[in-house]
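Colleague: For reference, the structure I am asking about is given below.
Derivation of every value follows stated rules applied to the coordinates shown; laboratory data play no part. Not measured: the values here are computed from a predicted model. Every residue, glycine among them, receives a Cβ derived from its backbone with ideal geometry; neighbour counts consider all protein chains shown.
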Amino acid sequence: MKVQIEEMRLDGNAIGGLLREIFTVEMTSAVGTCASCGAVNEVGRVQVYSHAAGTVVRCPGCEQVLMKIVRGGGRCWVDMTGVRCLEFVLD
Ligand SMILES: [Zn+2]
């Protein structure tokens, strides 16, 4: 199972389009602070696991879940419990 999950892993650039759709600005260079370990990483460096309608974003430092994004039926749910702070440049 561990191997299968590792094979599914992408980097944060994989969710650049999805996050741009939600936040309406370029997000791959946004900087997030992990609520668990305090690591600060650009979105482009996080670990991304996408499956069907759901996307899970994990901290590259401690592997805790930073974000969960689910899309379906014309709606989007974004759980950012694992991100203490998200900093990005406004267009
Ligand atoms: Zn962390």
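Colleague: Which part of the stretch 28-55 falls in the paramagnetic zone of Met80, meaning amide N under 11 Å from the point 7 Å along Cα-to-beta-carbon?
Modeller: From the stretch 28-55, the list is 31-33.
Colleague: Ok, one more. So what is the relative contact order of the chain, in percent, for Cα pairs below 8 Å that sit 6 or more residues apart?
Modeller: Working: 168 pairs, mean separation 24.7, N = 91.
That works out to 27 percent.
Colleague: Place a +1 charge on the Cβ of each Lys and Arg in the stretch 32-91 and a -1 charge on the Cβ of each Asp and Glu, then give the dipole magnitude about the Cα centre in debye, rounded to the nearest 20.
Modeller: Details: 6 positive and 5 negative charges, 44 e Å.
That gives a dipole near 200 debye.
Colleague: Looking only at Cβ-Cβ distances, which cysteines of the chain have no other cysteine closer than 4.7 Å?
Modeller: Taking the Cβ cut-off of 4.7 Å, the unpaired cysteines of the chain are Cys76, Cys85.
Colleague: A further question follows. Mind giving me the nanometre distance, one decimal, between the label points for Val25 and Glu7, set 7 Å out from Cα along Cα→Cβ?
Modeller: For the pair Val25/Glu7, the computed spacing is 3.9 nm.
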